[in-house]
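Below is one structure; the comments refer to it alone.
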Amino acid sequence: MATREDLYRKFGPQLVEALVLIIRDEINTLRGKVGLPERTNQQIMDAIDNRLTNDVPIYNWMNNKI
């Protein structure tokens, strides 16, 4: 069984992808129980892109040069 520390040591994009896949699976399970079609990977990616474009501000530190 993985520990919290084990999970947080995973590379950022891998952790984000794993979370998205888990959430997608859970959403699709719930949608199936109420007779709705599953969300596709493309629908999930489009929804995330839409939120990033319209609702999530760019953090100040993202504009700093390394």
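Structure data summary
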read-out: Likely footprinting exposure, R24, R4, fewest C-beta neighbours within 10 Å first; value: R4, R24
read-out: Theoretical gain in end-to-end length, A2 to Q14 [0.36 nm per residue, Cα-Cα removed]; value: 2.8 nm
read-out: Degrees, to the nearest 10: 12-33 long Cα axis against longest axis of the chain; value: 20 degrees
read-out: The chain: chymotrypsin sites (Phe, Trp or Tyr not before Pro) in DSSP coil with no more than 15 other Cβ atoms inside 10 Å; value: F11, Y59
read-out: Read-out Cα extents along the principal axes in Å, derived from the coordinates shown; its label in (1) 49, 37, 14; (2) 33, 30, 25; (3) 27, 26, 21; value: (1)
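Every number in this text was worked out from the coordinates using simple rules, so none of it is lab data. These numbers were taken from a predicted model, which means no experiment stands behind them. A quick note on method: Cβ atoms are made from the backbone with ideal geometry, for glycine too, and the neighbour counts reach across all protein chains shown.
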